[in-house]
Amino acid sequence: MSQQQYAIDKLHAIKARISAAETQANRPPGSVTLIGASKQQTPDLINEFAHAGLTQLGENYLQESIAKQAEVNKHHQHLTWHFIGHIQSNKTKTIAQNFEWVHGVDRIKIARRLAEQNPKDTPLKLLIQLNVDNEASKHGVSLEQAGELANDMAQAMADYSKVQIKGFMAIPQARKTLDEQRAVFAKVQALLAHTNQRFGLSLEELSMGMSQDLEAAIAEGSTMVRIGTNLFGARK
Ligand SMILES: *Cc1c(COP(=O)(O)O)cnc(C)c1O
């Protein structure tokens, strides 16, 4: 099979999974955005997916991503790039220059640097990363602290026009059953509602769901799924 046909088929299959999950959850068609998690995938392959209609890409590693964007943006000018990796504070300028969404924000200092360093006319959209399972190996803020951080960050950023705080991002540990997957995503959805109510905020985005748990995430209100393996294939 050609790489072109491969991309068309894979994109079609994931979109079908997403729309089936939207229907199952009684959510309007198109309410969930597909982000292709393209780390370690080649510019050629990403180009085929963009050609097939994928418009949103998520990247974890800054240097790798900048090199690939230079190739991919030559052919596709209207892609939206999401930074979904860990943010080092000395890299915020490059992130602000090259991405429209930043999913892994977990400190006010990072938000402020992104706001000050965003050269674009449009605001950078930020998501606060949650460490839902309190794993030492993962970044992000605990569910207990997330509401207050969201409020403090919203206050601190109120005078900055170059960033908007849009919601939460979560990468839960793998769980075996759909019910177990749903239980953790349900906590995140409840946290968003509670945070909005408690602080009068209007956060609306939930970046959650990957290849193995996208149905559970969509059932619990995910608005953005980040799909790598089941879209592009195994990473090199
Ligand atoms: C790699 C990655 C994904 C995609 O994971 P798959 O299981 O391959 O779909 C999603 N989100 C983040 C933050 C990632 O690093």
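Within segment 1-27, take every residue that is within 22 Å of Met169 (Cβ to Cβ) and within 20 Å of the chain's Cα centre (by Cα) and give me the one that is surrounded by the fewest Cβ atoms within 10 Å (Cβ to Cβ). Give the steps one after another, and end with the answer.
The first filter runs over segment 1-27 and keeps only residues within 22 Å of Met169 (Cβ to Cβ), leaving 14-15, 17-18, 21-22, 25, 27.
Checking which are within 20 Å of the chain's Cα centre (by Cα) leaves us with 14-15, 17-18, 21-22, 27.
Details: Ile14: 20, Lys15: 15, Arg17: 18, Ile18: 23, Ala21: 20, Glu22: 17, Arg27: 17.
That would be Lys15.
Scan segment 161-188 for residues that are over 20 Å from Glu135 (Cβ atoms) and in contact with a Leu (Cβ under 9 Å, 6 or more places away or on another chain) and report the count.
6
Looking at Phe232, Phe199, which is the one that is away from the ligand (no atom under 16 Å from the Cβ) and of a type outside the set (A, V, I, L, M)? Break it down into steps so the answer makes sense when it comes.
Details: Phe232 fails: away from the ligand (no atom under 16 Å from the Cβ).
Among Phe232, Phe199, only Phe199 is away from the ligand (no atom under 16 Å from the Cβ) and of a type outside the set (A, V, I, L, M).
If you scan segment 131-151, which residues turn out to be farther than 11 Å from Thr195 by Cβ and of a type in the set (A, V, I, L, M, F, W, C)?
Correct list: Val132, Ala136, Val141.
Tell me whether segment 143-153 contains one or more residues that are in a loop (DSSP other than H, G, I, E, B) and out of contact with any Gly (no Cβ under 9 Å at 6 or more places or on another chain). Explain how you work it out, then say what you get.
Initially, segment 143-153 is screened for residues in a loop (DSSP other than H, G, I, E, B), giving none.
For segment 143-153, residues in a loop (DSSP other than H, G, I, E, B) and out of contact with any Gly (no Cβ under 9 Å at 6 or more places or on another chain): absent.
If I ask for residues that are within 9 Å of the ligand (Cβ to nearest atom), assigned to a loop (DSSP other than H, G, I, E, B) and of a type outside the set (Gly, Ala, Ser), which ones from segment 209-229 would you list? Outline the logic, then answer.
Taking segment 209-229 first, the residues within 9 Å of the ligand (Cβ to nearest atom) are 209-214, 225-229.
Next, only the ones that are assigned to a loop (DSSP other than H, G, I, E, B) stay: 209-213, 228.
Result: Met210, Gln212, Asp213.
Quick note: the coordinates plus some simple rules give every number you see, no bench work behind them. Computed from a predicted model, the values in this text were never measured in an experiment. Note that we place each Cβ from the backbone using ideal geometry, even for glycine, and neighbour counts take in every protein chain shown.
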